[in-house]
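Each remark here refers to the structure printed beneath this line.
None of the figures in this text is laboratory data; all of them are computed from the coordinates on show. Computed from a predicted model, the values in this text were never measured in an experiment. Here the Cβ positions follow ideal geometry from the backbone for every residue, glycine too, while neighbour counts run over all protein chains shown.
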Amino acid sequence: MNFNMNIPGLKDVTIHKMEEIGDRVALYVSLPKKEHQCPVCKRMTSKIHDYRVQKIKHLKWFERLTILFYKRRRYVCECGKRFSEKSPFVDKYQRYSKEWNQVVGIRSVKAKTFKETAEVLGTSSSTVIRRFKNVVKEQLKEGVHLPKCIAIDEYKGDTDAGTYQLIIANAETHEPIDILPNRRKETIKDYLMKYGAAVEVVVMDMNPSFKAAVRKALNRPIIVADRFHFSRYIYWALDEVRRKVQKEWHPYDRKKCKKMRHVLYKRFDKLTEKNRWYLRRYTGMSSELRKAYELKEAYCKWFDWAKTTDDITEVKKRLEAFYRKVEEAKIPAFIKAIQTFKNWQVEILNSFSFRYSNGFLEGINNKSKVMKRNAYGFRSFKHFKAKILLNDLYKEIGVHLG
């Protein structure tokens, strides 16, 4: 038949016939005759022994599943060896084309579920999972090498390994490196002792177990507290004061203050005139809430200034001055907050010296949770771990293939 269209994966292939079989497209193909080298004696031969028809699944064509009926030649050598011709579009002993295997490998990583991939490509879920495991074996090599600066954080995976898992990433390149099956102190310590010989800086949230594990496993590590995680203690203290004082107010003001609580969280210079009216009203109704808001603003002033300087001695001096303001105000919620600051003061000051953050890791965790929700959860920790790591590796590849 006359055919001038280039079909993906079938370059230099002769198409003899095309027909529709139900909802599928069948292509009858063959390769041009040429000399082949005998795999035994290495001599060249073009003598044909016989033909065999091989049924191969291929990519969709015009949104229809495609089947190839490949008329494969078998050559015979003078030494008596019979062998099949080499095919550029299908591997030996395979029932799927090379292009199909490549696409299912990508889709098994990028699609929501293995079942969805199987339905799109006209195969079974078990076949997709086998291809996925092959991709994992090729792309995720054994033996982890942790860099100088790492970031760690937990996320809720709900797999057969447990409820929470721990992800480890490169703090400089923002690439995920590995995922641990749980967040227990002993697991983290053993892992870092095994792979963390080169680690010098660890970025984390304010989890005492993480801190203890890192200190036990590494030789005098520099621990950097994530800025968001220590700053929120101040906002939690402000919110605790708000909830306490508004209980004594009229129901209208109590509900309105709760609805407008974002006014208390914003910096004063970013408030609109309307928001400032609400701020004056509710801070005027409680001296304790007014003091709490002033402490929050004092903290924000210190925080904004600390980000602009390299003088850590002065940063520490002004932070201690903030402690004194809190102690003078005698608000229990803020006293409790600064006690946490004192316990983590070295790590907090390190965050201004080294400028590392866990923000990118929170973004990866958010994507992981969306992935889990779209798939209605993952039972296998190994599959979920591979999905997270491979999705980052394949983030530049689209899902339109196939």
Relative contact order of the chain: what whole-number percent is it, with Cα pairs under 8 angstrom and at least 6 residues apart?
-> 14
Within the range 9-40, which residues have the backbone N less than 20 Å from the label spot 7 Å out from Glu78 along Cα→beta-carbon, could you tell me?
-> 34-40
Between the range 275-295 and the range 311-347, what is the C-alpha centre distance in whole Å?
-> 22
What is the order of Met204, Met18, fewest Cβ neighbours within 10 Å to most?
-> Met18, Met204
Length gained if Leu393 through Asp50 is fully extended, taking 0.36 nm per residue and subtracting the Cα-Cα distance, is 119.0 nm
Show me 347-355, 119-127, 302-310 ranked by packing, highest mean number of other Cβ atoms within 10 Å first.
-> 347-355, 119-127, 302-310
Report, in whole Å, the centroid distance computed from the Cα atoms of the range 67-130 and the range 134-188.
-> 33
Name the trypsin sites (Lys or Arg not before Pro) in the range 1-100 that are in a loop by DSSP and that have at most 16 other C-beta atoms within 10 Å, would you?
-> Lys11, Lys33, Lys34, Lys42, Arg43, Lys47, Lys81, Lys86, Lys92, Arg95
GNM on the chain, Cα springs under 10 Å; top mean-square fluctuation among Gly284, Gly363, Gly22 goes to Gly22
Counting other Cβ atoms within 10 Å of each Cβ, which GluC sites (Glu not before Pro) in the range 233-308 have at most 16 and sit in a DSSP loop?
-> Glu248
What is the count of Lys pairs in the range 77-178 whose alpha carbons sit under 19 Å apart, if the two are 8 or more places apart or on different chains?
-> 11
Percent antiparallel among DSSP beta bridges with both residues in the range 154-224, to the nearest 5?
-> 75
Which of Ile312, Ile150 comes first, and how do the rest follow, when ranked by fewest Cβ neighbours within 10 Å?
-> Ile312, Ile150
Any chance you could tell me what percent of the C-alpha pair distances in the range 1-95 go past 18 Å?
-> 50
Extension length gain for Phe268 and Asp23 (0.36 nm per residue less Cα distance), in nm, is 81.7 nm
For the range 179-278, run through the trypsin sites (Lys or Arg not before Pro) and keep only the ones in DSSP coil with at most 16 other Cβ atoms within 10 Å of their Cβ.
-> Arg184, Lys247, Arg261, Lys266, Arg267
Long-range amide H contacts for Val224: which residues qualify at under 5 Å (H placed 1.01 Å from N, peptide plane, sequence gap of 5 or more or a different chain)?
-> Val202, Val203, Met204
So what is Rg over Rh here for the chain, counting just Cα atoms and using Kirkwood for Rh?
-> 1.19
Contour minus Cα-Cα span, Arg373 to Trp305, at 0.36 nm per residue, comes to 20.5 nm
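Which of Thr159, Thr14 comes first, and how do the rest follow, when ranked by fewest Cβ neighbours within 10 Å?
Ascending number of Cβ neighbours within 10 Å: Thr14, Thr159.
Let me have the 222 nm mean residue ellipticity of the chain computed from DSSP H runs of 4+ only, each contributing -39500 (n - 2.57), with the sum over all residues rounded to the nearest 500.
Value at 222 nm, helices only: -15000 deg cm²/dmol.
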